[in-house]
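The values are calculated or read from the model by the stated rules, or taken from the named source; none is laboratory data. Every value quoted in this text rests on a predicted model; they were computed, and no experiment measured them. Glycine gets a Cβ as well: all are built from the backbone with ideal geometry, and neighbour counts include every protein chain shown.
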Amino acid sequence: MRIKMRCMSAGPHGVRLVGSIHEVAADEARQLIAGGFAEELPQIAGRVTAEISAKINQLESKIADSWTRDENEAKEEEDKIEVEEEFL
């Protein structure tokens, strides 16, 4: 089923941002819709939709990875500064 996210979610499937559209299994879609986390969208050309959804998921994962990497680099820099300040 095609869904449009009403809120952000992250998990093994990757990151799903608010407003993003995904093709998911019917059971998962029903759970997300019932919980108010997503809304159902009408089906369109199946293969094209799946390819677009896959590409969106891939790009969203890259964005999430870059945020995590940036946060880790910032933390490493903070730790380095703290160590340097201890020796001053």
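Points worth noting:
- In segment 1-52, residue surrounded by the most Cβ atoms within 10 Å (Cβ to Cβ) [restricted to those that are of a type in the set (Val, Ile, Thr) and not in a helix (DSSP H, G or I)]: Ile3
- Residue within segment 72-81 that is at pLDDT below 90, within 19 Å of the chain's Cα centre (by Cα) and of a type outside the set (Lys, Arg) present: yes
- Near pairs, Cβ below 7 angstrom, 6+ apart or cross-chain, from segment 30-43 (under 12 Å from Arg6 (Cβ atoms)) to any residue that is hydroxyl-bearing (Ser, Thr, Tyr): Phe37/Ser9
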